[in-house]
Amino acid sequence: MKKVVALLVVVAILAIVAGVLVTQPLTTPAPRPAEKIYVGYAFCLTGPFAGPAEDGIKGIRDYIRIVNERGGVNGREIVLLIEDNEYKPETTIRIFTRWKEQYKLSAFVTCGTHVVAAIYQMVAEARIPYSDTSMAGPFADARKYPWYFPAPLGSYTDHYRAFLKWFKDKWAGPRAPRLAIVWETKAFAPLVKPGVESYAKDLGYEVMVEVVEIGSTSALEQMQRIKAYNADVVATMLPPAETALVLRTAREVGLKAEFVNFLYSIYWEPLVERLGPLAEGTYFGAPFVPWGYDVPGMKDLLEAHRRFHPDDRHTTQYVSGWISAMVLVEALRRAGDDLSGENVRRAWESITNFDTKGLTPPLGFTPMDHRSTTTIWIWKIEGGKFVRVAEVTLPRDDGYLGK
């Protein structure tokens with residue numbers, strides 16, 4: 001009898017233990033690792049814009065590093081894939097093809113207007129949101145290029161248009177102001193020059209056009225013709241080396257005109273230092289502040305620079321990279337758990353009145369217009385510094401979207 005009772009007790013204990021094992025796991029399962037977010041940057045770390053691009057990537061890296069330190073985007077780490085595209089479409093295509101096979105890209109970013117022209121269709125067919133340092137106006141037309149988002153700094157055409165409007169509003173001469181456009185035909189200028197030329201004529205400028213190709217060693221004949229034309233404004237649409245050539249030659253022939261230069265060819269402290277007196281008094285349009293400018297958002301950049309590379313140079317193009325990363329992260333944040341290309345694209349287009357704490361005007365996009373802003377600040381180089389002299393807001397519905 002005692003053996004039967006003992007057996008029953010053992011059975012009861014085993015039943016209780018079994019029930020506990022069923023309802024209470026021996027260990028708590030480890031949380032499933034969050035999916036990482038892969039963003040590819042095929043950047044022009046060599047070529048005519050290598051210096052500004054290198055500093056821009058540094059701003060991007062720092063901002064993403066801070067985001068990851070704070071838990072990432074919706075709990076997911078952002079992984080930056082960075083490779084030199086050499087400012088060449090063929091190199092960019094090879095990089096994109098390889099990355100597309102190896103990673104689930106949530107966004108792809110390149111460097112070069114001519115690169116965008118060559119690779120856009122391939123990226124669009126992969127349904128991956130695509131950005132670039134380029135702000136060429138035609139690509140901002142989301143009706144034609146729905147997968148492309150220019151760098152969130154306005155459009156090149158609007159940079160020049162803002163200056164031309166500001167200059168024309170001040171014009172008090174007895175004749176129409178005269179504009180000379182100096183451009184190259186191989187890279188970004190073909191997508192900038194037509195809209196600027198058309199707008200200038202709409203404003204009442206007389207316009208002449210000269211070409212200085214990338215790699216040119218002389219601009220003497222072009223500057224002599226512009227001097228004979230008695231131009232009041234010269235708009236250069238050239239890389240840094242060719243811009244320097246034009247400015248130097250203009251001084252040598254005694255050309256008296258106001259110069260409005262391409263953003264990436266003048267808005268970078270090492271270039272201004274290198275140009276010295278040649279840069280003095282020249283203008284450009286850009287809706288973002290230079291390094292160290294006294295706005296609330298600059299405090300974050302100063303702190304990042306102090307933490308990560310206090311001995312490196314600090315430049316305006318670092319600021320542009322930081323801003324681009326801010327907007328990208330905001331789009332990913334709004335996309336939530338659905339990182340499909342279509343959802344990220346819609347999230348990007350949902351950004352309105354985005355506050356960069358004074359680094360830019362408020363930024364925003366629409367499903368039709370991917371220009372981040374049409375408010376442009378006019379800057380003048382004085383004493384080697386960037387001085388803001390005006391703000392111009394262009395209407396979005398004036399027919400210059402996509403130009």
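The values are calculated or read from the model by the stated rules, or taken from the named source; none is laboratory data. From a predicted model like this one, the values you see are computed outputs, not experimental measurements. FYI the Cβ positions are ideal-geometry reconstructions off the backbone, even for glycines, and counts take in every protein chain you see.
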Check your understanding: Only one of these conditions is not met by E252: (1) out of contact with any helix residue (DSSP H, G or I) (no Cβ under 7 Å at 6 or more places or on another chain); (2) under 18 Å from T316 (Cβ atoms); (3) among the acidic types (D, E). Which number is it?
Key -> (2)
Study note, to complete from the structure: Scanning region 50-87 residue by residue, those of a type in the set (D, E) and in a loop (DSSP other than H, G, I, E, B) turn out to be E77, E86
Check your understanding: Can you spot a residue in region 232-250 that is hydroxyl-bearing (S, T, Y), over 19 Å from A53 (Cβ atoms) and assigned to a loop (DSSP other than H, G, I, E, B)?
Key -> no
Exercise for review: Output the number of the condition that E90 fails; it satisfies all remaining conditions of (1) in a helix (DSSP H, G or I); (2) under 17 Å from the mean Cα position of the chain (by Cα); (3) under 17 Å from F188 (Cα atoms).
Suggested key: (2)
Check your understanding: Which one of L302, L278, L332 is assigned by TED's automatic domain parsing to the domain that holds Y103 and out of contact with any strand residue (DSSP E or B) (no Cβ under 7 Å at 6 or more places or on another chain)?
Key -> L302
Check your understanding: Among the residues of region 283-340, which ones are among the polar types (S, T, N, Q) and closer than 25 Å to V260 by Cβ?
Key -> T315, T316, Q317, S320, S324
Point to revise | Identity of the residue in region 187-205, crowded, with 16+ Cβ neighbours inside 10 Å and over 26 Å from the mean Cα position of the chain (by Cα), that ends up nearest to H159 (Cα to Cα) | key: L203
Review point. Does E197 meet the test of being over 21 Å from G402 (Cα atoms) and either acidic (D, E) or not in a helix (DSSP H, G or I) (or both)?
Key: no
Review point. Restricting attention to region 121-156, and to residues there that are aromatic (F, W, Y) and closer than 17 Å to E349 by Cβ, which single residue is nearest to the chain's Cα centre (by Cα)?
Key: F149
Practice item. Out of the residues in region 32-61 that are over 30 Å from D337 (Cα atoms) and among the charged types (D, E, K, R), state the one that is surrounded by the most Cβ atoms within 10 Å (Cβ to Cβ). Key: D55
Exercise for review: Scan A118, A140 and give me the residue that is in contact with a Lys or Arg (Cβ under 6 Å, 6 or more places away or on another chain), hydrophobic (A, V, I, L, M, F, W, C) and over 19 Å from I37 (Cα atoms).
Suggested key: A140
**Study point:** The lone exception for W322 - which of (1) in a helix (DSSP H, G or I); (2) surrounded by fewer than 23 Cβ atoms within 10 Å (Cβ to Cβ); (3) not acidic (D, E) it fails
**Key:** (2)
Review point. On the given criteria, is E342 among the acidic types (D, E), farther than 22 Å from I57 by Cα, modelled with pLDDT of 95 or more and assigned to a loop (DSSP other than H, G, I, E, B)?
Key: no
Point to revise | Answer residue from region 351-381, given it is assigned to a loop (DSSP other than H, G, I, E, B), touching a helix residue (DSSP H, G or I) at 6+ places or on another chain (Cβ under 9 Å) and β-branched (V, I, T) and is surrounded by the fewest Cβ atoms within 10 Å (Cβ to Cβ) among those | key: T366
Check your understanding: Scanning for something touching a Gly at 6+ places or on another chain (Cβ under 8 Å), surrounded by 22 or more Cβ atoms within 10 Å (Cβ to Cβ) and among the basic types (K, R), does region 151-164 turn up at least one residue?
Key -> yes
**Study point:** Residue ID - surrounded by the most Cβ atoms within 10 Å (Cβ to Cβ), chosen from residues in region 251-273 that are under 24 Å from the mean Cα position of the chain (by Cα) and either in a helix (DSSP H, G or I) or not assigned by TED's automatic domain parsing to the domain that holds G215 (or both)
**Key:** Y264
Check your understanding: Does region 208-221 contain any residue that is surrounded by 21 or more Cβ atoms within 10 Å (Cβ to Cβ), touching a Lys or Arg at 6+ places or on another chain (Cβ under 8 Å) and not acidic (D, E)?
Key -> no
